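Single-structure report; data block below.
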Amino acid sequence: MRRVVVLGVTILLGCAAYQRGEGLDPATLPSALRPDYELFAQRCSRCHSLSRPLNTRISSDDHWRVYVARMRRMPGSGISPDDVPGLLRFLNWYSAARRSPDGGVGGTR
Amino acid sequence: MKSRALMLLLCLVGVLSPLAARAIDLNLAGTLQLDYLFSPFGRSDPRPASHTLDGFTEELSLKLAIDISSHASANVKACFGCHGFEVGMAYVDFRLADEFNIRVGRFSPTFGEFGLRHDPGNHRLSDKPLPYDMGRMLRLNAFGDSVLPSPYVDNGIEFSGTHFFDRSLQFDYAAHAVAGLRANTDTPYDVDFIASRSAAPYYIDNNSQPSVGGRVGLTARLASRVDLSLGGSAIWGAYDTRARMTYTVLGADLYLRAGRTNVRAEYLIRRTDMYAADQGRFEYMLQTQADGSLPERTFQVRDGWYVEVEQPVLRNLDVILRWDGMRRRGNTAPGSQLDFEAGVSRWTLGAQYVVERGYRLKASAEHYSWWGMRNGIDQDWAFHLGAVATF
C-alpha cells in the first residue's frame with residue numbers, strides 16, 4: 001500500500017512539474033482580455049476540451065462568428081447571445097496572435 | 001467499398017476547395033484514439049473468444065465542417081473503428097432562426113447528453129458509459145447490446161431549435177424521423193446494432209417505417225460559474241423487417257457544472273418486443289393467451305445509467321469517477337448465460353493527463369459486479385491505457 005501511495009505522489013509531482021494544460025495561462029494574456037478568456041474557458045469546455053477551438057485552423061473573424069453561432073445553438077450549450085461579443089473578442093485576438101510573426105503570446109503557439 | 005466514406009470526404013474537399021476562396025468557410029478536424037484494454041481472467045473462467053473487444057483498439061475520425069452562409073452549413077465525418085470505415089455524419093443544416101433548424105442527411109438524432117460527446121476526443125475516459133456501450137463492456141456476448149448505441153447514426157430529418165429567455169435560461173428541443181434501429185429478420189429477439197449500422201444497407205430502411213423521437217432540455221445559469229441542464233428524450237420505432245416488433249427508448253439526463261467540476265448523469269430504458277409465437281425459442285415458459293395459443297410477441301426491458309464526476313486537480317490532470325450499470329429483464333434464448341433478470345454495476349476511476357494541447361493520455365481501472373449470470377461469475381476487473389489526439 002505504501003508503495004502505491006509513493007507511486008501516486010511521484011506521478012502527481014511529475015505532472016505538476018510539467019504543466020501544459022489544454023487552455024492558456026491567463027497570467028500571460030493582455031489584462032484587458034482576461035475576462036473574455038475566462039468566459040471562453042468556461043463556455044467552450046462543456047462538451048469538448050479547449051484544444052478543439054485553440055488548435056483549429058479557423059482564422060477569419062467571419063468564420064469565428066458563424067462557428068460560435070453554430071456552437072451556441074447546440075442543445076444545452078449554455079452560451080447566451082450576450083456571451084458572444086466577449087467570446088469573439090478573445091477568439092479574434094487569439095487567431096491574430098497565432099498568425100503574427102512574433103506569435104506565441106500567452107502560449108498561443 | 002470500405003473506403004467509401006473516405007472517398008466521399010476527399011471528393012467533397014476536392015469539389016469545395018476552389019469554393020473556399022469565395023465566401024464558403026471550411027474547417028477540417030479530427031480525432032485519433034488508441035486504447036489498450038486488459039482484463040485479467042481466472043483459471044475457472046477461461047476467456048471466451050468473444051469476451052469483449054480487448055487488446056488494442058483504434059478509433060479515428062476526420063470531419064469537414066462547411067459553413068456556406070450564416071443560415072446554411074454542412075458536415076461530413078468519416079470514422080474508422082471496429083466496423084471499418086463508416087460515415088458518421090453527412091448532413092446539411094438549414095437555419096431559419098435560432099428556434100428553427102432543419103437537418104437532413106445522415107446524422108446522430110438528438111438523444112440524451114452523451115451523444116454530443118461520443119467522439120473519444122470529447123469524453124475523458126477511454127470507454128463509453130454502459131448504456132451506450134458498443135463493444136468494450138466485458139462479457140459482451142452473454143449480455144448483448146446496450147440500451148442505445150453511441151454514436152447512433154441514421155438517415156433522416158431533424159427539426160430543432162433553441163431559445164434564450166434571458167441570459168440565464170435556455171430551452172431547446174429536437175424532433176426527428178429516421179430509418180430506425182434494425183434487425184434483419186421478422187422473428188427477432190432484440191435490435192441488432194451491427195445490422196443497424198452496417199455499411200451495406202446504409203441507404204435502405206429494412207421496413208420502410210420511420211422511427212420518430214426527440215428531446216427537450218432546459219439549461220439554467222444558477223450563478224456566474226454554475227450551470228444546470230436537465231433533459232428528457234424519447235424514441236419509438238419498429239425494427240423487424242415486417243414492422244411489427246417495436247421498441248421504445250426513454251431517457252433523462254442531467255448536467256451540472258460548478259466552477260471547474262462537471263457532474264453528468266443519465267438514465268435510459270428500452271422496451272423491445274420479441275417475436276414469441278414459438279416456445280422452442282425461449283428458456284422460460286411463455287404466458288399463453290385466453291384461447292391457449294401463444295402471443296405473437298413478448299418483450300424485454302434493458303435499462304442503464306451513469307453518474308460521472310470530472311474534477312481537474314492540476315492544470316493538466318483531470319480525475320474522473322464514474323458509476324454506471326445496466327440491467328436486462330425478460331425471457332431468454334434456450335441455453336442463455338443470463339437469468340430472466342440480470343445486470344451489472346461498474347465503478348471506474350480514471351485520469352486524463354494533457355501531454356501537450358490536443359494530446360492526452362487516458363488511464364482507468366474498472367470494477368464490474370454482475371448478477372443473474374448462470375456461470376456464477378460475479379466480479380471482473382478491467383484496465384484501460386490509451387492516448388488520444390485531437391487535431
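The values are calculated or read from the model by the stated rules, or taken from the named source; none is laboratory data. Computed from a predicted structure; not experimentally measured. Note that we place each Cβ from the backbone using ideal geometry, even for glycine, and neighbour counts take in every protein chain shown. When the accessible area is computed, the model is the full protein with side chains, heavy atoms only, and any ligands, DNA or RNA have been set aside. Shrake-Rupley method; radii C 1.70, N 1.55, O 1.52, S 1.80 Å.
If you go through the range B:164-188 and keep only what is closer than 28 Å to B:G217 by Cβ and away from chain A (no Cβ under 14 Å), you end up with B:A177, B:V178, B:A179, B:G180, B:L181, B:R182. Counting only residues that are open to solvent by 30 Å² or more (accessible area, probe 1.4 Å), more than 8 Å from chain B (Cβ to nearest Cβ) and within 26 Å of B:S108 (Cβ to Cβ), how many does the range A:59-71 have? Within the range A:59-71, residues that are open to solvent by 30 Å² or more (accessible area, probe 1.4 Å), more than 8 Å from chain B (Cβ to nearest Cβ) and within 26 Å of B:S108 (Cβ to Cβ) number 1. Of all the criteria given as (1) surrounded by fewer than 19 Cβ atoms within 10 Å (Cβ to Cβ); (2) more than 14 Å from every other protein chain (Cβ to nearest Cβ), the one not satisfied by B:D240 is (1).
Restricting attention to the range A:33-58, the residues being open to solvent by 50 Å² or more (accessible area, probe 1.4 Å) and in contact with a helix residue (DSSP H, G or I) (Cβ under 9 Å, 6 or more places away or on another chain) number 3. For the range B:329-348, the criterion of being within 14 Å of chain A (Cβ to nearest Cβ) and in contact with a helix residue (DSSP H, G or I) (Cβ under 8 Å, 6 or more places away or on another chain) is satisfied by no residue at all. Every condition in (1) open to solvent by less than 20 Å² (accessible area, probe 1.4 Å); (2) modelled with pLDDT of 80 or more is met by B:A29 except one, and the failing one is (1).
Does A:S45 satisfy the condition of being more than 8 Å from every other protein chain (Cβ to nearest Cβ), under 13 Å from the mean Cα position of the chain (by Cα), modelled with pLDDT under 95 and part of a loop (DSSP other than H, G, I, E, B)? Judged against the criteria, A:S45 is a match. Where strands (runs of 3 or more DSSP E) fall wholly inside the range B:275-391, the ranges with 1 or more residues that are over 21 Å from B:A265 (Cβ atoms), among the acidic types (D, E) and touching a Lys or Arg at 6+ places or on another chain (Cβ under 6 Å) are B:338-356. For the range B:155-163, the criterion of being away from every other protein chain (no Cβ under 14 Å), more than 21 Å from B:V301 (Cα to Cα), surrounded by 18 or more Cβ atoms within 10 Å (Cβ to Cβ) and not small (G, A, S) is met by at least one residue. Whether any residue in the range B:272-283 is open to solvent by 50 Å² or more (accessible area, probe 1.4 Å), within 22 Å of the chain's Cα centre (by Cα) and at pLDDT 95 or above is what I want to check. Taking every residue of the range B:272-283 in turn, none turns out to be open to solvent by 50 Å² or more (accessible area, probe 1.4 Å), within 22 Å of the chain's Cα centre (by Cα) and at pLDDT 95 or above. Residues that are part of a helix (DSSP H, G or I), modelled with pLDDT under 95 and more than 18 Å from B:D227 (Cβ to Cβ): does the range A:70-90 have at least one? Yes: one or more hits. Note on the range B:352-367: residues that are touching a helix residue (DSSP H, G or I) at 6+ places or on another chain (Cβ under 9 Å), in contact (Cβ under 8 Å) with a residue 12 or more places away in the chain and open to solvent by 30 Å² or more (accessible area, probe 1.4 Å) total 2.
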